[in-house]
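Written out below as structure tokens is the structure these notes cover.
The values are calculated or read from the model by the stated rules, or taken from the named source; none is laboratory data. Since we're looking at a predicted model, the values are computed, not measured. Virtual Cβ from ideal backbone geometry, glycine too; neighbours counted across all protein chains shown. With ligands, DNA and RNA removed, areas are computed over all heavy atoms of the protein, side chains included. Shrake-Rupley method; radii C 1.70, N 1.55, O 1.52, S 1.80 Å.
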Amino acid sequence: MKFLPLIWSGIWRKPGRSVLIFLQVCVAFALFGVLQGLKTGVEQLIGQTRADVLLVHGSLALFDPLPLALLERIKSVPGVKVVVPVELFGAIYQTPSQKLGVVAVRPDGDWLSAFTFTIAPEYVAAFRRMRTAAIIRDGVAKKYGWKVGDHIPLLSKTAQKTGSTDWAFDVVGTYTDSDLGGGSDTLLINYDYFDEARLADKGTVKHFKVAVSAIALAVAVTDEIDRRFANSANETLTESMRELAQSQLQSIGDLNFLIRSIVGAVLVALLFATATMMMQSTRERMPELGVLKTLGFTGVAVFLSILAEAMTIFVAAAASGLGLAVLIFPLAANIVPGLSMPLIVVAVGMACAVLAAAISAAVPAVFAARLNIVAALAGR
């Protein structure tokens with residue numbers, strides 16, 4: 001404790017320089033926290049994405065229509081537990097800016113095992129009973145103030161067989177979705193009702209959702225489904241939800257390389273800048289360090305005091321920067337719904353701050369420890 005006043009006075013000997021180092025470290029670790037948080041958070045979300053749920057779609061494009069007749073052949077593949085046809089289309093609620101994604105599914109048997117939805121049992125039962133039923137995403141319900149029993153009019157480019165593009169559904173419940181790529185403004189409707197009512201593309205789906213009986217069978221089931229439809233008019237490409245999430249992430253580029261490059265460049269630049277300032281500070285304090293050695297301070301004590309000054313500034317600045325990163329992370333994480341700052345990023349950041357402080361102060365601290373008393377007092 002007796003060294004604390006000495007360390008504190010060393011830090012504030014040049015307030016401007018100490019504040020500059022603090023700000024440099026703070027900004028660097030705020031950037032580190034946000035970027036590394038995005039990388040680690042996305043990796044964790046992908047790792048949590050289900051690998052036992054498969055998506056069967058056209059081999060050429062994700063949304064090429066497939067015949068509903070493929071359902072029975074997919075269902076007969078060993079290891080398949082549930083197959084659910086899925087049709088997708090867009091709609092507008094009141095104004096062009098109020099866009100909704102409509103997901104038509106067939107709620108047969110254990111259909112929810114092929115999705116990441118969480119729906120109350122009473123809502124599921126009502127969804128099965130009513131042909132015009134709709135289960136809406138919880139965020140949509142809050143956004144538009146919809147509640148169970150509401151009759152929702154929608155406008156879509158998908159025409160009914162009467163020629164009208166007006167659709168209407170009855171809200172029977174709400175749901176949540178833990179899927180990484182799940183849309184936020186969506187509602188579920190009955191596929192059979194929609195297919196019977198629409199004018200074109202009857203008897204087709206955008207894809208099939210398949211739940212396998214065991215995760216260990218996912219690869220074998222994937223290969224068998226695609227083998228059955230290979231070289232046919234309806235060739236398929238089957239992917240697990242985890243593979244799909246990974247491919248969506250890769251489609252925006254090598255995120256890992258980009259983030260590592262930016263963070264690495266920032267930390268290297270930080271080390272050069274802070275090490276230079278620490279060395280300059282030590283040279284300016286040569287007479288003072290010489291007095292300390294004259295009073296009996298050993299080289300080790302001087303070394304530790306310089307190191308402690310750097311640690312104090314770096315740790316305080318890094319904590320402030322990481323705290324700032326936690327505050328602004330929700331804004332940066334809007335690109336991926338459900339993303340939150342992993343605590344491991346904060347822990348790694350603090351460890352990096354200690355390491356950066358040690359590296360920045362190592363050369364100045366060794367220089368101070370080996371300082372000759374006579375030369376120091378002479379200012380040489």
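Fully extending the segment from Thr176 to Arg131 would add 14.1 nm, taking 0.36 nm per residue of separation and subtracting the current Cα-Cα distance. The label point for Lys14 and the one for Thr165, both projected 7 Å from the Cα toward the Cβ, are 6.9 nm apart. The residues of the stretch 51-167 have, on average, 49 Å² of accessible surface per residue, using a 1.4 Å probe with all protein chains present. Between Tyr193 and Asp64, the contour length at 0.36 nm per residue exceeds the alpha carbon distance by 44.3 nm. Checked against a 23 Å cut-off, the cross-linked pairs Lys157/Lys206; Lys39/Lys99; Lys39/Lys143 give Cα-Cα distances beyond that limit for Lys39/Lys99; Lys39/Lys143. Using only the Cα atoms of the stretch 87-133, build the gyration tensor, take square roots of its eigenvalues as a ≥ b ≥ c, and label the shape rounded, prolate or oblate: rounded if a/c is under 1.5, else prolate if a/b is larger than b/c, else oblate. Judged from the Cα gyration tensor, the stretch 87-133 comes out prolate (a/c at least 1.5, a/b above b/c). With a Förster radius of 45 Å applied to the C-beta separation of Leu23 and Ala301, the computed FRET efficiency comes to 0.95. Given +1 at the Cβ of Lys and Arg, -1 at the Cβ of Asp and Glu and no other charges, the dipole of the stretch 73-162 around its Cα centre is 200 debye to the nearest 20. Once amide H atoms are built 1.01 Å from N in the peptide plane, which residues 5 or more positions from Val212, or in another chain, come under 5 Å H to H? For Val212, the qualifying residues are Leu54, Lys81.
Could you compute the net charge surrounding Ala159? Neighbours are other residues with a C-beta less than 15 Å from the C-beta of Ala159; K and R count +1, D and E count -1. Taking every Cβ under 15 Å from that of Ala159, the sum is -1. With R₀ fixed at 45 Å, the C-beta to C-beta distance from Ala230 to Ile328 puts the FRET efficiency at about 0.35. Name all residues of the stretch 209-223 having a backbone nitrogen under 13 Å from the label point set 7 Å from the Cα of Ser113 along its Cα→Cβ direction, giving them as ranges. In the stretch 209-223, the label zone of Ser113 (backbone N under 13 Å from the point 7 Å along Cα→Cβ) covers 210-215.
Taking θ as phi - 60° and the Karplus parameters 6.51, -1.76 and 1.60, the scalar couplings of the stretch 105-117 work out to 10, 9, x, 9, x, 8, 5, 5, 5, 8, 10, 9, 7 Hz in sequence order, x denoting glycine and proline.
When Arg128, Arg370 are compared by accessible surface with a 1.4 Å probe, the order from highest to lowest is Arg370, Arg128. Taking packing as the residue-averaged number of other Cβ atoms within 10 angstrom, the listed peptides 31-43, 133-145, 156-168 run from highest to lowest as 31-43, 133-145, 156-168.
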